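Here, each number is a calculation from the coordinates, and none is a lab measurement. What you see is a predicted model, and the numbers here were worked out from it, not measured in a lab. When we count neighbours, we look across all protein chains shown, and the Cβ atoms used for this are built from the backbone with ideal geometry, even at glycine.
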Amino acid sequence: MIRILLADDHTIIRKGVRQILTQAYPNVQIEEIEEGEEWTEKLYASSWDIVISDLPMPDRGGLDTLQRISRLLPKLPVLILTLYPKKNYAVRALKAGAAGFLGKDAAPDELITAVDMILSGKKYIVLPGMEN
């Protein structure tokens, strides 16, 4: 079973990502959070295989939260799924501890590819100009 913590402040995005992941991984367990302040409680309430998170959260910046997760749980991989432009934020997110960076405009199959790569211990990022 794969355990995923999904963080995004938009319900419709969380529900769409949940649907994509549930179709790809029938035995997945997904917990959703919408506020950055919920991180600490949820991170320690269970053990997670991967965190999928947006960068902007209403009560805490995504890069700040990412750095905090990297410090507290350095082995927990985080995939950033965001509308923020890759050229401005991808490298910053990786330096802050992300295992991958994916735009919300990506195809569902790309999300699954990113999750598979990260779960296998690799990094996932497609920089501008490298898209298929």
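So here's what we get for this one:
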| quantity | calculated |
| --- | --- |
| Charge dipole (the chain, unit charges on Cβ, about Cα centre) - positive-most of Ile33, Tyr124, Ala7 | Tyr124 |
| Inter-probe distance in nm under a simple model that places probes 7 Å from Cα toward Cβ, at Arg71 and Gln23 | 4.0 |
| Stretch gain in nm, segment Lys95-Ile112, where the contour uses 0.36 nm per residue and the Cα spacing is subtracted | 3.9 nm |
| Tensor-based shape of segment 1-48 (alpha-carbon gyration tensor, a/c under 1.5 rounded, otherwise prolate or oblate) | oblate |
| Check: the chain dipole with +1 on Lys, Arg Cβ and -1 on Asp, Glu Cβ, in debye | 540 |
| Förster-model FRET efficiency, 25 Å R0, His10 and Leu119, C-beta, rounded to 0.05 | 0.55 |
| Whether segment 6-125 is rounded, prolate or oblate, judged on the alpha carbon gyration tensor where a/c under 1.5 counts as rounded | rounded |
| J(HN,Hα) series, segment 84-98, from Karplus relation 6.51 cos²θ - 1.76 cosθ + 1.60, nearest Hz, glycine and proline x | 4, x, 4, 4, 9, 10, 4, 5, 4, 5, 5, 5, 7, x, 5 |
| Nonlocal amide H pairs with Ile30, under 5 Å, H built at 1.01 Å | Ile4 |
| Within segment 63-106, backbone nitrogen closer than 19 Å to the virtual label 7 Å beyond the Cα of Arg3 toward Cβ | 69-79 |
| Residue-averaged 222 nm ellipticity for the chain, from DSSP H runs of 4+ at -39500 (n - 2.57), nearest 500 | -12500 deg cm²/dmol |
| The chain: most fluctuating residue of Glu31, Glu110, Glu41 per GNM, C-alpha cutoff 10 Å | Glu41 |
